[in-house]
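Everything below concerns the one structure shown next.
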Amino acid sequence: MKKHFTKFSEFYPYYIEEHKNKHTKLFHFIGSCLFIYFFLKFLITYEVNNLIFAFVSAYGLAWTSHFFIEKNKPATFDYPVYSFMGDCVMFTEIIKGKHKIF
């Protein structure tokens, strides 16, 4: 049964639960780094292909990790905004050392 969340603070524990495997987190982290790289490149060059690469690399790696490593459905399918926010929070928490990816 699909859960219903009305606040991000309620959603985030669910999001982290869906990312138990450190390799899933690693794929998300790499995807987020590539997203930032290509998005910044887009802002500098205004070449639309960089914007496309940003989304394809980020979501491609994240979804691959869910399908083949975590073996669950990406939260993005049901909660696109909260999922993006969760990616951002998890990314910063990985940088701060809260989550292990190696």
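Expressed as a whole percent, the accessible surface of the chain that belongs to carbon and sulfur atoms is 70, based on a 1.4 Å probe.
In this simple spin-label approximation, TYR37 and MET85 carry label points 7 Å from Cα along the Cα→Cβ vector, and these lie 2.9 nm apart. Running Debye on the range 1-45 with equal point scatterers at the Cα sites and no solvent, what base-10 log of I(q)/I(0) appears at q = 0.20 Å⁻¹? Once normalised to I(0) and log-transformed, intensities are -0.78. Compactness of the chain, taken as the C-alpha radius of gyration over 2.2 N^0.38 Å, stands at 1.08.
In a simple Cβ point-charge model (Lys, Arg +1; Asp, Glu -1; nothing else charged), the range 46-102 has a dipole of about 260 debye relative to its Cα centre.
How many angstrom lie between the Cα centre of the range 25-42 and the Cα centre of the range 48-102? When both Cα centres are located, 9 Å separates them. Around the Cα centre of the chain, unit charges on the Cβ atoms of Lys, Arg, Asp and Glu (plus for the first two, minus for the last two) sum to a dipole of about 300 debye. Full extension of the chain segment joining LEU51 with LYS71 gains 4.4 nm, where the gain is 0.36 nm per residue of separation less the Cα-Cα distance.
The values are calculated or read from the model by the stated rules, or taken from the named source; none is laboratory data. Bear in mind the structure is a predicted one, so any value in this text is a computation, not a measurement. Virtual Cβ from ideal backbone geometry, glycine too; neighbours counted across all protein chains shown. In case anyone asks, the SASA skips ligands and DNA or RNA and just uses the protein heavy atoms, side chains included. Shrake-Rupley method; radii C 1.70, N 1.55, O 1.52, S 1.80 Å.
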